[in-house]
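Everything below concerns the one structure shown next.
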Amino acid sequence: MTDIPKVLYPNQPLVEVVFELRFPGEMAVECDRHIFWEKVRADYSAIFVPTAEPNRPLALRPYRFERADKTAGISIAINSFALYVRQYEGYIAFRREFLKLLQLFTETFHVEKVNRAGWRYINIIPYVRENGVIPLDRFLNLGVKVPTSIPENFSNLTLLFESKTDRGTVTTRLQSMTRQDSGQEALLLDFDFGCEGDSLQFAEVPHCMEVAHECTSGLFEAFITEEYRTYLKGDVL
């Protein structure tokens, strides 16, 4: 596997990174959410309240506290807590901010057990069609085998697969899409790695974060082609 880069690519395709903890429902989170917000509102001043969805209790829908510039936010519900960033400045900065917020969270609510610690790594890779098809080989080492009667010249693509590792479960989603903001066609490459178990403790969260980041970053490096990696480093593709 290619070594994980120590610095961010200048042309990175990341649009969002999320680290989320899920835990048994705790009523104090619902009742004392305002206490936590007072501790973070200097940095996360904007509030977004949840909307009702059919067949989903409103209490399980998170409140979001965002930075004024919308570059990052906190998601908090009766059974979950997460940090998400839209301008990723690297793992070290992300980890530092999450652990700072986690300390405030545990001081406020005293939640003891974690059901899942999950890292999400969402990439959008723009492309221009070649002869009407997606030039997949320019960007990704996909390695999907289809029957010889089916051409591998894909005009649209949707793949979802879940894999077990000795350290957790990773779900990979690859999908062709059109960006709503620009109309640009792109590939969505979404990794979701989770450490799960009924006996996870908050003390184990930093290690879970390390494992999840290592796995998802390594997967991205294994997926991309050398041609695309050259572009990410700042050269013309």
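Among the residues of segment 207-224, which ones are among the hydroxyl-bearing types (S, T, Y) and either out of contact with any helix residue (DSSP H, G or I) (no Cβ under 8 Å at 6 or more places or on another chain) or open to solvent by 10 Å² or more (accessible area, probe 1.4 Å) (or both)?
So the first thing to find is which residues in segment 207-224 are among the hydroxyl-bearing types (S, T, Y), and the list is 216-217.
Answer for segment 207-224, where residues must be among the hydroxyl-bearing types (S, T, Y) and either out of contact with any helix residue (DSSP H, G or I) (no Cβ under 8 Å at 6 or more places or on another chain) or open to solvent by 10 Å² or more (accessible area, probe 1.4 Å) (or both): just T216.
With the requirement that a residue be open to solvent by less than 70 Å² (accessible area, probe 1.4 Å) and not aromatic (F, W, Y), what does segment 108-128 give you? Quick ask: steps written out before the conclusion?
From segment 108-128, those open to solvent by less than 70 Å² (accessible area, probe 1.4 Å) are 108-109, 111, 114-119, 121-127; that's our starting set.
Across segment 108-128, the qualifying residues are T108, V111, V114, N115, R116, A117, G118, I122, N123, I124, I125, P126.
In segment 170-199, what residues are exposed (fewer than 15 other Cβ atoms within 10 Å of the Cβ) and hydroxyl-bearing (S, T, Y)?
Of everything in segment 170-199, those that are exposed (fewer than 15 other Cβ atoms within 10 Å of the Cβ) and hydroxyl-bearing (S, T, Y) turn out to be T178, S182, S199.
Among the strands (runs of 3 or more DSSP E) lying completely within segment 131-236, list those that include at least 2 residues that are modelled with pLDDT under 90.
Numbers: elements: 158-165, 168-178, 185-201.
Output list reads 158-165, 185-201.
Kindly establish whether I92 is surrounded by fewer than 15 Cβ atoms within 10 Å (Cβ to Cβ), in a helix (DSSP H, G or I) and either free of Cβ contacts under 8 Å to residues at least 12 places away in the same chain or within 18 Å of the chain's Cα centre (by Cα) (or both).
When the stated conditions are applied, I92 passes them.
Quick check on F36: is it surrounded by 18 or more Cβ atoms within 10 Å (Cβ to Cβ) and among the aromatic types (F, W, Y)?
So F36 passes the test.
Being hydrophobic (A, V, I, L, M, F, W, C) and buried (at least 19 other Cβ atoms within 10 Å of the Cβ) is the filter here; which residues of segment 65-89 pass it?
Let us first name the residues in segment 65-89 that are hydrophobic (A, V, I, L, M, F, W, C), namely 65, 68, 72, 74, 76-78, 81-83, 85.
Those that are hydrophobic (A, V, I, L, M, F, W, C) and buried (at least 19 other Cβ atoms within 10 Å of the Cβ): F65, A72, I74, I76, A77, I78, F81, A82, L83, V85.
With P62, P50 as the choices, which residue is in contact with a helix residue (DSSP H, G or I) (Cβ under 9 Å, 6 or more places away or on another chain) and open to solvent by less than 50 Å² (accessible area, probe 1.4 Å)? Walk me through how you get there before you give the answer.
Numbers: P62 fails: in contact with a helix residue (DSSP H, G or I) (Cβ under 9 Å, 6 or more places away or on another chain).
Exactly one residue qualifies, and that residue is P50.
Considering only residues that are of a type outside the set (V, I, T) and over 15 Å from L189 (Cα atoms), which ones fall in segment 208-223?
Filtering segment 208-223 for residues of a type outside the set (V, I, T) gives 208-210, 212-215, 217-223.
Across segment 208-223, the qualifying residues are C208, M209, E210, A212, H213, E214.
If I go through segment 29-75 residue by residue, how many of them are in a loop (DSSP other than H, G, I, E, B), under 19 Å from A93 (Cβ atoms) and under 23 Å from the mean Cα position of the chain (by Cα)?
Here is the first cut: in segment 29-75, the ones in a loop (DSSP other than H, G, I, E, B) are 32, 41-45, 49-52, 54-55, 57, 61-62, 67-71.
Then drop every residue that is not under 19 Å from A93 (Cβ atoms), which leaves 42-44, 67-71.
Now restrict to residues that are under 23 Å from the mean Cα position of the chain (by Cα): 43-44, 67-71.
Of the residues in that region, 7 qualify.
The values are calculated or read from the model by the stated rules, or taken from the named source; none is laboratory data. As the structure is a prediction and not an experimental result, all values here were calculated from the model. Cβ: placed from backbone, ideal geometry, glycine included. Neighbour counts: every protein chain shown. With ligands, DNA and RNA removed, areas are computed over all heavy atoms of the protein, side chains included. Shrake-Rupley method; radii C 1.70, N 1.55, O 1.52, S 1.80 Å.
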